[in-house]
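Single-structure report; data block below.
The values are calculated or read from the model by the stated rules, or taken from the named source; none is laboratory data. Predicted model, so just to flag it, every value in this text is computed and none were measured. In this analysis, Cβ positions are derived from the backbone assuming ideal geometry, glycine residues included, and neighbour counts consider all displayed protein chains. With ligands, DNA and RNA removed, areas are computed over all heavy atoms of the protein, side chains included. Shrake-Rupley method; radii C 1.70, N 1.55, O 1.52, S 1.80 Å.
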Amino acid sequence: MPCADRRDMQEKQLLNHTADKEQRPLPGRSNHAGNLSQSEKKLQEAICVLLVELCERFTFFGIVCNMILFCTVKLGYHNYQAAIVNMCFVGTSMLTPVLVGWLAECLVGRIKLVCICMFLHFLGTALLPIVAFPFEDIYIDRRHILHTLTKREQKIVFYFALLTASLGIGGIRAIVCPLSAYNLEDCGPKELLSFFNWFYWLINLNSAVVFVSISYIQQSVARNLGFLIPFVSLLMAMITIHMVRGEMIYKPKTDSSLLTTFGVIASALKMCCMRYHYFSGGVTNWLDHAKENYGGQYSETQVESIKSLARLFPLFAFQILYRTCIMQIPSGYYLQTMNSNLNFSGFVLPVAAMNVISIVPLLILVPILECINSCLFSSKDTGHSPTIYVVVGQLSAALSMMVAGFSEIHRKHFPQVEQTLSEEVLLVSSMPCFHLAPQYILLGVAEALVTPSCSLLSFRLVPERIRGISMHFLTLFNGAGCFMGAFFVQTAHAGTQGNWFPHLLHEGKLERFFFFLASLMTVNTLGFWTIAHRYDNLNQEYTNEFRGSLPEEKLLKHEKAIKHYGSVLESSPILSPMEKT
């Protein structure tokens with residue numbers, strides 16, 4: 001029997017050795033062909049994801065670009081109400097990707113949820129033309145007019161369409177087009193900053209096309225059919241998703257989630273409260289209370305990852321007020337432009353076309369910044385942090401608010417003239433709208449500097465397992481900035497009885513609202529400047545200390561050492577269980 005068992009073992013080893021030889025890739029042409037097909041597949045997926053991203057942004061900017069004009073002229077809203085609706089829609093569209101990402105991770109399958117979100121997006125963009133359609137211009141037998149929607153019905157359909165469209169936008173951004181789909185895990189800081197620069201460059205190029213084309217169609221040529229263009233763009237996105245079917249739907253790693261993040265924080269707070277009276281030290285950070293060693297429910301790896309994320313919360317918090325200033329482009333700045341002279345040699349410029357002036361600096365600065373980054377980043381330098389870009393960008397945003405206030409004073413010195421917008425005659429200032437260009441340019445410079453740099457910091461300065469969570473938190477704080485802008489508008493209008501955010505700009509003091517934002521943004525910039533050095537040290541600490549302190553990283557080093565000395569990994573009883581996880 002021992003001889004038979006030994007013979008069986010030898011036969012099994014021979015079969016396994018033969019199978020291993022058969023499974024090895026053949027050298028030469030076959031291996032090259034396999035790599036080529038794999039690279040072609042990745043390239044095709046990346047192109048499809050980028051196309052869907054651009055189509056989704058096309059629909060988003062098409063809805064936003066003339067919403068204030070639509071709300072004031074078509075729905076009869078006051079200026080502050082239209083600005084609040086616009087900022088709330090943008091903020092909701094930023095928050096829904098986080099909600100949809102959680103639903104896809106915990107409750108609903110990703111494929112099923114993306115189909116639901118595509119339907120909601122389709123429903124929302126299909127309902128918007130119903131609100132804008134000119135039923136009053138359609139006659140039957142020259143006597144009877146078609147049934148028109150009342151103002152109340154229009155508002156109900158309009159809000160429902162915006163809600164469903166924002167939910168659809170959240171599904172597309174969270175499931176179909178997350179940043180994780182671009183395979184950025186192995187990129188260094190130079191490559192990451194280059195990616196974010198060109199990524200936002202493409203998005204802003206797309207928005208420039210929207211602001212020029214769709215805004216003109218909505219405002220001048222066929223204003224009531226303008227919302228059909230986002231609907232057509234949605235169809236393009238659906239066709240793109242259908243072409244690649246399930247291969248385009250990215251499946252992220254399930255190492256960490258928002259629930260784990262909030263669970264670690266809640267567990268740490270709970271343990272702090274329970275042990276406050278008799279616990280007097282032993283931990284270097286309050287989040288350590290969530291570790292299993294200190295009576296918590298989470299592993300050391302999970303807690304250390306959340307600690308690195310918590311160090312970014314000040315960075316996120318200082319983005320709230322900055323995002324409030326950026327939201328003045330489709331709200332406060334839009335109202336200034338709408339109440340200025342848009343006639344240019346007999347041609348009435350679309351109001352939203354002025355937004356292109358804020359996009360041009362970004363389109364110009366990105367290639368320049370790429371050259372600067374090539375000089376700042378060397379092949380051995382991985383500790384550089386572009387916080388200086390954030391400081392300069394936020395200072396540019398504060399300066400833009402200040403210039404907007406002085407421009408508003410300057411605009412009211414011009415006599416009023418009549419101007420037709422969307423078949424409505426309005427009394428506006430005779431000041432040419434191009435006098436407002438400096439404030440747009442300054443915000444464009446701010447966006448070119450701040451947004452890619454903050455994305456880089458949020459992505460780079462945390463472990464790979466929670467990079468998606470970090471980008472979610474950045475999105476949450478940006479959305480909070482939109483809602484804070486709406487809160488400021490409502491508070492300024494109510495607190496000053498409409499004086500700081502008036503319905504008729506020439507009768508109010510809108511410049512005081514801009515000066516108020518400028519002062520807050522200046523304080524915000526100084527506050528961030530005082531803590532900016534933390535993120536240089538955090539980068540160095542993470543790369544040199546924290547990354548090596550994680551248990552999985554230590555095991556990985558042991559694994560590499562064992563492979564180096566030619567040992568068999570499966571023979572190690574310590575490392576074998578970790579391979580399965």
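Of all residues in region 327-343 being touching a strand residue (DSSP E or B) at 6+ places or on another chain (Cβ under 8 Å) and not hydroxyl-bearing (Ser, Thr, Tyr), which is surrounded by the fewest Cβ atoms within 10 Å (Cβ to Cβ)? Step through it out loud before you land on a result.
If we filter region 327-343 for residues that are touching a strand residue (DSSP E or B) at 6+ places or on another chain (Cβ under 8 Å), which is where we start, we get 338-343.
Now drop any that are not not hydroxyl-bearing (Ser, Thr, Tyr), which leaves 338-339, 341-343.
Details: 338: 23, 339: 26, 341: 21, 342: 22, 343: 15.
Among those that are touching a strand residue (DSSP E or B) at 6+ places or on another chain (Cβ under 8 Å) and not hydroxyl-bearing (Ser, Thr, Tyr), it is 343.
Could you tell me which residue of region 460-504 is nearest to residue 528 (Cα to Cα), considering only residues that are open to solvent by 10 Å² or more (accessible area, probe 1.4 Å) and touching a Lys or Arg at 6+ places or on another chain (Cβ under 6 Å)?
Within region 460-504, the match that is nearest to residue 528 (Cα to Cα) is 478.
Does any residue of region 129-151 turn out to be modelled with pLDDT of 80 or more and assigned to a helix (DSSP H, G or I)? Quick ask: steps written out before the conclusion?
The initial filter retains those residues of region 129-151 that are modelled with pLDDT of 80 or more, namely none.
No, region 129-151 contains no residue that is modelled with pLDDT of 80 or more and assigned to a helix (DSSP H, G or I).
Considering each residue of region 63-80, count those that are within 17 Å of residue 486 (Cα to Cα) and open to solvent by 30 Å² or more (accessible area, probe 1.4 Å), and give that number.
2
Inspect all residues belonging to region 488-509 and state whether any of them is under 30 Å from residue 312 (Cβ atoms) and among the aliphatic types (A, V, I, L, M). Steps first, please.
Pass one, region 488-509, residues under 30 Å from residue 312 (Cβ atoms): 488-491.
Filter again for among the aliphatic types (A, V, I, L, M), leaving 489.
Within region 488-509, one or more residues are under 30 Å from residue 312 (Cβ atoms) and among the aliphatic types (A, V, I, L, M).
Out of all the residues in region 418-458, which are of a type in the set (Phe, Trp, Tyr) and open to solvent by 10 Å² or more (accessible area, probe 1.4 Å)? Break it down into steps so the answer makes sense when it comes.
Taking region 418-458 first, the residues of a type in the set (Phe, Trp, Tyr) are 434, 440.
Passing the criteria: only 434.
So which of 524, 544, 539 is over 30 Å from residue 71 (Cα atoms) and at pLDDT 90 or above? Reasoning before the result, please.
Numbers: 544 fails: at pLDDT 90 or above; 539 fails: at pLDDT 90 or above.
From the options 524, 544, 539, the qualifying one is 524.
Please state which of the following conditions residue 403 fails to meet, knowing it meets all the rest: (1) assigned to a helix (DSSP H, G or I); (2) closer than 27 Å to residue 309 by Cα.
(2)
Can you tell me which residue in region 308-326 is nearest to the chain's Cα centre (by Cα), limited to those that are modelled with pLDDT of 90 or more and open to solvent by 10 Å² or more (accessible area, probe 1.4 Å)?
Among those residues, the one meeting the criterion is 323.
On the given criteria, is residue 91 touching a residue at least 12 places away in the same chain (Cβ under 8 Å), surrounded by fewer than 23 Cβ atoms within 10 Å (Cβ to Cβ), in a helix (DSSP H, G or I) and small (Gly, Ala, Ser)?
On the way: touching a residue at least 12 places away in the same chain (Cβ under 8 Å): yes; surrounded by fewer than 23 Cβ atoms within 10 Å (Cβ to Cβ): yes; in a helix (DSSP H, G or I): yes; small (Gly, Ala, Ser): yes.
So residue 91 fits the description; yes.
So is residue 498 under 21 Å from residue 402 (Cα atoms) and part of a loop (DSSP other than H, G, I, E, B) or not?
Details: under 21 Å from residue 402 (Cα atoms): yes; part of a loop (DSSP other than H, G, I, E, B): yes.
So residue 498 passes the test.
Is one or more of the residues making up region 230-245 closer than 30 Å to residue 69 by Cβ, open to solvent by less than 50 Å² (accessible area, probe 1.4 Å) and at pLDDT 75 or above?
No, region 230-245 contains no residue that is closer than 30 Å to residue 69 by Cβ, open to solvent by less than 50 Å² (accessible area, probe 1.4 Å) and at pLDDT 75 or above.
Given the conditions (1) closer than 30 Å to residue 81 by Cα; (2) at pLDDT below 65; (3) not β-branched (Val, Ile, Thr), which single one is not true for residue 180?
Of (1) closer than 30 Å to residue 81 by Cα; (2) at pLDDT below 65; (3) not β-branched (Val, Ile, Thr), only one is false for residue 180: (1).
Working carefully through the options 299, 305, find the one that is at pLDDT below 85 and surrounded by fewer than 19 Cβ atoms within 10 Å (Cβ to Cβ). Please lay out each step first, then the result.
Working: 305 fails: surrounded by fewer than 19 Cβ atoms within 10 Å (Cβ to Cβ).
None of the others qualify; the one that does is 299.
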